[in-house]
Amino acid sequence: MTVSYRLEGGVAVLTLDDVPRHNALSRAMIAELNRWHAHSIRDGARAIVLGSNGPSFCAGANIDDLRSGWMEGGDPESDPVQFFRRLATDRRVTIAAVQGIAAGGGLELTLACDLVIAGERATFLAPELGHGVIPPLGIALLPHIVGRHRAMDMVLTRRKVDAEEALRIGLATHPAGVDDVVTAAVTVARSIVDRVPPGALSVAKQQLCRHQPLDWTSILACSGEVPAAEWREGLDAFMEKRRPDYDRFWRRSNQL
């Protein structure tokens, strides 16, 4: 099991729990997240909190899964972007409780949520471009959340954004101490769902998003537009612990 589940006062807490791999998103983890998400609906949960065990929130996508099919689409039940979509379109309150690094797919998990609680050691980054891949949901949502230029900065330079900056630019919404990130997230969730009716909550969320609609068809397909030779070189280099050789792609591009 790479995800644990509990119901706390009407709030479903889904905890990423693959500590040796820094909670990297894998096919198994996405399948479990989908199952627990469906279970939370049957449980009548009013809100979802995504937390984690270990020093990292989520270090991104499992490289083996990226290399063996995710870049070309696949099973909707184990496709991370499909889970991001379920989270982003959930009518209930969704909150990411981030302590440690939220990189790549981990960052996109937070972007798919309504609110983000940032612990003092939280760090956010989008490193994908350095590996020859792209963050589909990050590209779609970051400009709306932090502005176009900051989004460009995060995606192109791949720099780290600490908790203080994340709160300042809107990447995170609430601060928390080192040891009480999930507790703070559950408290925020209950402060909302204990005092508002579900229908009004759902309509409010829909209307807040209506004027900035997401093109999910494009989001789901855009990874397939990245040249396969480039992402294969980037991911192979990562696995082989060497610097990727992108010069040949630049030379070819300059000849076009």
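Listed values, structure above:
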quantity: Condition check for residue 105: modelled with pLDDT of 95 or more, open to solvent by less than 30 Å² (accessible area, probe 1.4 Å) and either touching a Phe, Trp or Tyr at 6+ places or on another chain (Cβ under 7 Å) or within 22 Å of residue 209 (Cα to Cα) (or both); calculated: yes
quantity: Test: residue in region 42-61 that is open to solvent by 40 Å² or more (accessible area, probe 1.4 Å), closer than 22 Å to residue 188 by Cα and touching a Lys or Arg at 6+ places or on another chain (Cβ under 9 Å); calculated: yes
quantity: Test: residue in region 202-212 that is of a type in the set (Lys, Arg) and either closer than 25 Å to residue 57 by Cβ or in a helix (DSSP H, G or I) (or both); calculated: yes
quantity: Filter result for residue 42 (under 15 Å from the mean Cα position of the chain (by Cα) and charged (D, E, K, R)); calculated: no
quantity: Residue count, region 173-205 (criterion: in contact with a helix residue (DSSP H, G or I) (Cβ under 9 Å, 6 or more places away or on another chain), among the aliphatic types (A, V, I, L, M) and buried (at least 16 other Cβ atoms within 10 Å of the Cβ)); calculated: 4
quantity: Flag for residue 20 being farther than 19 Å from residue 135 by Cα and in a helix (DSSP H, G or I); calculated: yes
quantity: Criterion violated by residue 66 - all others in (1) open to solvent by less than 20 Å² (accessible area, probe 1.4 Å); (2) outside any loop (DSSP other than H, G, I, E, B); (3) of a type in the set (A, V, I, L, M) satisfied; calculated: (1)
quantity: Residue in region 63-80 that is touching a Pro at 6+ places or on another chain (Cβ under 6 Å) and in contact (Cβ under 8 Å) with a residue 12 or more places away in the chain present; calculated: no
quantity: Subset of region 76-99 (residues that are open to solvent by 10 Å² or more (accessible area, probe 1.4 Å) and not in a helix (DSSP H, G or I)); calculated: 79, 89, 90, 91, 92, 99
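The values are calculated or read from the model by the stated rules, or taken from the named source; none is laboratory data. Because the structure is predicted, anything quoted here is derived from the model rather than measured. Virtual Cβ from ideal backbone geometry, glycine too; neighbours counted across all protein chains shown. Quick note on the areas: whole protein, heavy atoms, side chains included, nothing else; ligands and nucleic acids left out. Shrake-Rupley method; radii C 1.70, N 1.55, O 1.52, S 1.80 Å.
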